[in-house]
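Values in this text are rule-based calculations from the coordinates and carry no lab data. For clarity, every value in this text was computed on a predicted model and none was experimentally measured. Cβ coordinates were reconstructed from backbone atoms using ideal geometry, including for glycine residues, and neighbour counts include every protein chain displayed.
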Protein chains: 2
Amino acid sequence: MATRAVILLSGGLDSATCLAVARAVGRECHTLSFDYGQRHRGELARARKLSAALGAASHRVVKLDLAAFGGSALTDRAIAVPKGRSLARMAKEIPVTYVPARNLVMLSVATALAETLGATELYIGANAIDYSGYPDCRPPFLRAFERVARAGTKAGVEGRPLRIRAPLLRLSKAAIIRLGTRLGVPYGITQSCYDPIRGRACGLCDSCVLRRRGFEEAGVEDPTPYATRKR
Amino acid sequence: MATRAVILLSGGLDSATCLAVARAVGRECHTLSFDYGQRHRGELARARKLSAALGAASHRVVKLDLAAFGGSALTDRAIAVPKGRSLARMAKEIPVTYVPARNLVMLSVATALAETLGATELYIGANAIDYSGYPDCRPPFLRAFERVARAGTKAGVEGRPLRIRAPLLRLSKAAIIRLGTRLGVPYGITQSCYDPIRGRACGLCDSCVLRRRGFEEAGVEDPTPYATRKR
C-alpha cells in the first residue's frame, strides 16, 4: 500500500511542485487548501484544478476565518500589499503580508487531517532560499512543528509520528521551477500573486517578483499573464 | 497597562477557572472559543456568558470544521461517547472522545489571535492529573508548543515570545473547584458533559465522572443538573 500523505496546497507555484514531488515518490496524496479570507482567493480554484491534474487522491478546502483577526495585508484590505520590494529587503525584513501564525495554523489542521486519514507524512512547499522573510518557512520552525505534533497527537505518542516533508526547503526558485517542469507541473494553472488585478498577476508584489525572476533564471517560459511589465 | 492574554475558553469547568485565575493576576483577557462541530455545542453559549460574568475584555468564536474530518466521538455521531469508564482506565488509554490534534489546532489559532492583539500570554485549562488521557493536555506537549510558537511567529523571532500558561496543570479536579470557588467562578454556568441529554449533563461520560467526583472531594455543592443518578 502506498504511504499516505497530506499536502498543503495553496494553488501557488511552490505547493504545486511539492505535490508533484510527493506523487513522483509514490505517495497517495490528500491535498488541503484553506479559505482564510485571503484577498487572492482565486488561488483556491487553482488548487482544485491542480489536485486533479496532478493525481491527488482527495482534495479538501477548510474555511478558517483568520481575516476576522486582521493584522495582515493578505487578509485586511486596509493594509496595502507592498510592491517593488528589492530582494535584499525581502531577505531582511518580515513584510506586512505576513499572516500571524498562518503556517502554524495550517500545519496543525493538516496534522488533524493526517491523523484521521492515517497519513504519516505532511508535505509543505516551504522554502528558505527565495522567500519573503516569513519566520514560518524556516527550518527551525518546521523541526519544532514535527516535535509538537509528536507530543500532542495520539498517533505521535503511540509511535506513529508524522514526518514533515519540505522538499523545496533548500532550492532556489529557479531550481524549483526546473524540478517542477521535469515533473510536468502545469504552471499555467498556478497563481502566486498576492494582489491580482482583474484576474491577472500584479507583477510587482514580492511573490510576483520572485516568480518572474525564477522563470527567467530557470530558462523556462513563464506562462503567467502579468498586468504590468517587468521593471 | 495590563498584560494582555488570550484565554482558550470551552465553557467547561477547567477553562472557566483558568479565565478566573488570569483575571485574578490582573490580565486583560481575550477569550476564544471554537465551534468545531462538537456534539456538545451548548458549551458555546456558556462560554459567552462566562466571558461576561468573569470580566473578559472580548470574546470570539472561531468556526472550524474539524467534524468534516471525523475520527472522534465528539464530532462524529456514528461513534458513541463511552459511559461509565473507571478512573484507572481513563489514566491508561486514550478514549474515542479524543479529537485529532484538537489542542494543537486551538493553540495555533489562539497564537494567531495573540500575535494580532499583541498578547504575550496564552492561557489553557489543560490538566494532567484528573484528565481523560489526552496527549495534548500533557506538559511535554505544552512545552513543545511554546517552542514552535516562538520559532514560527514574527513576535517570537523578534523577541516577544508567547508564554503558554496552564495554571491548572498540576491540580486535582477537587483543587481546581476549590480554587475557582474562592475566585467566584459561577460553576452553574459551566458545562462539562460530552453528551448532554436534552440540555442536562449525562452524568456518565468521562467528563461528568471527573466533574462529579471533583465537587464531592472538594466538599462544594455541585450545581449541575444531571440526567442520571451517580453510580
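Relative to the other identical copies, B:Val96 shows label-point distances of 5.2 nm, where the label point lies 7 Å from Cα along the Cβ direction and values run shortest first.
Exposure proxy check: A:Lys154, A:Lys173 ranked by fewest other beta carbons within 10 Å?
Numbers: A:Lys154 19, A:Lys173 25.
Starting with the residue having the fewest Cβ neighbours, the order is A:Lys154, A:Lys173.
Evaluating 6.51 cos²θ - 1.76 cosθ + 1.60 at θ = phi - 60° for every residue in segment B:151-167, the Karplus couplings come out as 6, x, 10, 4, 4, x, 6, 8, x, 10, x, 7, 9, 8, 10, 10, x Hz, glycine and proline recorded as x. Summarising the amide proton neighbourhood of B:Ile197: residues at separation of 5 or more, or on other chains, whose placed amide H is nearer than 5 Å comprise B:Cys202. Whole-Hz Karplus values for segment A:93-100 come out as 9, 6, x, 6, 7, 4, 9, x Hz, taken residue by residue from phi with 6.51 cos²θ - 1.76 cosθ + 1.60 and θ = phi - 60°; glycine and proline positions read x.
Across the identical copies, the label point of A:Ala53 (7 Å from Cα in the Cβ direction) is separated from its matches by 5.5 nm, in order from shortest.
Could you work out the mean count of beta carbons from other protein chains within 10 Å of each residue's beta carbon in A:138-151?
Working: counts 3, 1, 6, 9, 3, 3, 9, 8, 2, 7, 17, 5, 4, 12.
If you average over the peptide's residues, the count of other-chain Cβ atoms is 6.
Sorting A:Val109, B:Val96, A:Val185 on the 10 Å Cβ count, fewest up front, what's the list?
Details: A:Val109 27, B:Val96 15, A:Val185 23.
Ordered by Cβ neighbours within 10 Å, fewest first: B:Val96, A:Val185, A:Val109.
Sort out for me the Cα centre separation of segment B:113-177 from segment A:1-38, rounded to whole Å. That distance is 30 Å. Charging the Cβ of each Asp and Glu at -1 and of each Lys and Arg at +1, and nothing else, the dipole of the protein assembly as shown about its Cα centre rounds to 40 debye. Remark: relative contact order (segment A:4-192) = 29 percent; criterion is Cα-Cα distance under 8 angstrom and separation of 6 or more residues. Peptide B:95-104 has a mean of 6 when you count, residue by residue, the C-beta atoms of other protein chains within 10 Å of its C-beta.
In what order do B:Asp65, A:Asp195, A:Asp136 fall by count of nearby beta-carbon atoms within 10 Å, going from fewest to most?
Numbers: B:Asp65 16, A:Asp195 20, A:Asp136 26.
Going from least to most buried by this count: B:Asp65, A:Asp195, A:Asp136.
Using just the helices of chain A, give the 222 nm mean residue ellipticity in deg cm²/dmol: DSSP H runs with n ≥ 4 each add -39,500 (n - 2.57), and the total is spread over all residues, rounded to 500.
On the way: 8 runs with 86 residues, N = 231.
Only helices count here, giving -11000 deg cm²/dmol.
Amide H contacts of B:Asp35: B:Val62, B:Lys63, B:Leu64, each under 5 Å away and 5 or more positions distant or on a separate chain (H built 1.01 Å from N in the peptide plane; Pro and chain starts excluded). Residue-wise HN-Hα couplings along segment A:207-213, as the Karplus relation 6.51 cos²θ - 1.76 cosθ + 1.60 with θ = phi - 60° gives them from phi, are 5, 5, 4, 5, 5, 4, 5 Hz; Gly and Pro carry x. Near the amide H of B:Arg163, within less than 5 Å, lie the amide hydrogens of B:Glu121, B:Leu122, all on another chain or at least 5 residues away, with H placed in the peptide plane.
Let a ≥ b ≥ c be the square roots of the eigenvalues of the Cα gyration tensor of segment B:4-192; is it rounded (a/c under 1.5), or, if not, prolate (a/b larger than b/c) or oblate? Cα axes put segment B:4-192 in the rounded bin. For segment A:189-231 versus segment A:51-97, the spacing of their alpha-carbon centroids is 15 Å. When the listed pairs A:Lys154/B:Lys83; A:Lys154/B:Lys173; B:Lys83/B:Lys173; B:Lys49/B:Lys154 are checked against a 26 Å cut-off, the alpha-carbon distance exceeds it for B:Lys49/B:Lys154. When each of the peptides B:56-62, A:156-162, A:114-120, B:119-125 is scored by how many other beta carbons lie within 10 Å of its residues on average, the order from highest to lowest is B:119-125, A:114-120, B:56-62, A:156-162. For A:Glu217, the distances from its label point to the matching points in the remaining copies are 6.0 nm, ordered from shortest, with each point set 7 Å beyond Cα toward Cβ.
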